[in-house]
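Let me begin by presenting the structure, written as structure tokens, before commenting on it.
FYI, it's all coordinate maths here, none of it is from the lab. Everything numeric in this text was worked out from a predicted model, so none of it was measured. Methodologically, a virtual Cβ is constructed for each residue, glycine included, from the backbone with ideal geometry; neighbour enumeration extends over all protein chains shown.
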Amino acid sequence: MSGRDPLARRAVRVSLLALALFALALPGGCAPQLSAPPPEPGMYRDLAEAGVEVDASAAAAMLSGYRANNGLGAVVIDPDLMRLASAQAIAMADKDMLDHNVIRAFGDRLKAAGYNAAAAAENIGAGYRTLAEAFSGWRDSPPHRQNMLLPPATRIGIAAAYAPKSRYRVYWALILAAPADGRG
């Protein structure tokens, strides 16, 4: 192209401008997108810090899927069991003690809360930093696995409590139940 041909220079400029406009019109453009990364799934959220709570919906979904894979029905979150699980996890964290009876026996706690269960079981744990870790630990332990696969269970409550001075850092409580009053 000759430096003296204004028509050729103009055609090149128009072509470059058209190419730039085309690139901007592409989905997402050619520039990198500046958006926040997607939130971390609840099952992988690190609970070893103050104020972080277990994702109960993720827990119910994970446990329901596991139960379905084993021919059992789904579970839903029960507010009463959530309160009972929270009290247990907090009590264990406060006393830095992994113990079903840290408050009182499981059956006595249900009765004191007025929870009438046809069947109920409790898993506790410590040291698991995420829901995925707690679930895997319980799944790999025969008695805890049996509790998660309690056939009549339809309701759950789950909680984790942070204990910064404990070697465990996080205490867990999972309660599964079949209400005797027919709540499902």
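Take every Cα pair under 8 Å whose residues are at least 6 apart in sequence, average their separation, divide by the length of segment 44-184, and the relative contact order is 36 percent.
Within segment 69-184, the proportion of C-alpha pairs whose separation exceeds 23 Å stands at 25%. All distinct Cα pairs of segment 54-117 go into the 1/r average, and the inverse of that average, the Kirkwood radius, is 13.2 Å. The string of couplings for segment 156-171 from the Karplus curve (6.51, -1.76, 1.60, θ = phi - 60°) is 9, x, 9, 8, 10, 10, 7, 10, x, 8, 8, 5, 7, 6, 9, 10 Hz, one whole number per residue in order, with x for Gly and Pro. Here the alpha carbons of segment 92-155 define both size measures, Rg and Dmax, at 12.9, 33 Å. Amide H contacts under 5 Å for residue 166: none, restricted to partners 5 or more places along the chain or on a different chain, H placed in the peptide plane at 1.01 Å from N. Rounded to the nearest 0.05, the FRET efficiency derived from the C-beta distance between residue 77 and residue 101 at R0 = 22 Å is 0.30.
Net charge dipole, segment 50-134: roughly 180 debye, given to the nearest 20, about the Cα centre with Cβ charges of +1 for Lys and Arg and -1 for Asp and Glu. Looking at segment 87-184, the trypsin sites (Lys or Arg not before Pro) that sit in a DSSP loop and have at most 10 other Cβ atoms within 10 Å of their own Cβ are 165, 167. The shape of segment 122-167 can be summarised by an equivalent ellipsoid whose semi-axes, obtained from the alpha carbon gyration tensor, come to 22, 12, 8 Å from longest to shortest.
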